[in-house]
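Throughout, read-outs are computed from the coordinates displayed, never taken from laboratory work. Everything numeric here is computed off the predicted structure, so don't read it as measured data. Ideal geometry is used to build each Cβ from the backbone, glycine not excepted, and the neighbour counts take in all protein chains shown.
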Amino acid sequence: MVNHFALAPDMGGGTRHVELGRELARRGWRVTIAASDFHVLERTYARRANEHDRRVIDETVDGVRLRWLWSSPYSGNDRKRIANWLTFARSVTRVRWSEDRPDVVLGSSPQLFAALSAWRVARGLGVPFVFEVRDLWPESLGVGARRRGPGYWGLWLVSRFLYRVASNLIIDRWRRKTRDEQTPLTPGPPAVVAPEPDDDVARTFAALAARDRALLWLAYVEEESHEEIAASLGVGKRSVKVLLFRAKKRLRELLHARGLSRT
């Protein structure tokens, strides 16, 4: 897993990916998390003395291997923060992951350059890439903004590219639930998690081909236009209508075969 902002339990903050990794490790998975030890809230390094120490720092927490990668420091919301994103992404691509080759690489948003670096690692190793969407970037940046500048549209292009190349699309259900609720994990390869509470429907949706899932998600959850879907998935604008029709038909057939159809 590549998550720029993943934190160990002693760091104070969100430990979602460590908890997920711990559960996967308990079920027999070999889990590695690549993160930066530059704390996003405290703006200090948690595992290295200063910014001049650029080595990879390894530790194991509850069976999960944590690889702390260097990223440049910053103190405010300026260009140095963007440099922090970019230097972390560069650190991810410079690690020799082939020495402990994974079966799948997961790249987590909202930091899109981190997810992009995860895709580069997956492509280099010839393994599947999973894009975990935990925030709708850059759309969330545009909320309340006066205008959408070049930076926004640059991130938009990165997000659309990641949607297109991802082998699977994971939507973070946990943000839609209370903190006390837990989402059960299903052992096996990573799959799409739909936001509906009905697990049978979620499993049916996950059984669709990757492109069908992406088409339906972009059209009916993100409510993108046919032109936007075409740009996201790298298909012709005129073909989106036909592809959506076929995706809906296949979903209806699966629901009917599993006794979940309302008709």
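Computed quantities for the displayed model
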quantity	calculated
Residue list for the range 211-238, restricted to those being in contact with a His (Cβ under 9 Å, 6 or more places away or on another chain) and either surrounded by 13 or more Cβ atoms within 10 Å (Cβ to Cβ) or within 17 Å of Arg160 (Cβ to Cβ) (or both)	Ala219, Lys237
Filtered residues of the range 1-18 (kept if in contact with a helix residue (DSSP H, G or I) (Cβ under 8 Å, 6 or more places away or on another chain) and either within 23 Å of Arg55 (Cβ to Cβ) or outside any loop (DSSP other than H, G, I, E, B) (or both))	Met1, Val2, Asn3, His4, Ala6, Leu7, Ala8, Pro9, Arg16, Val18
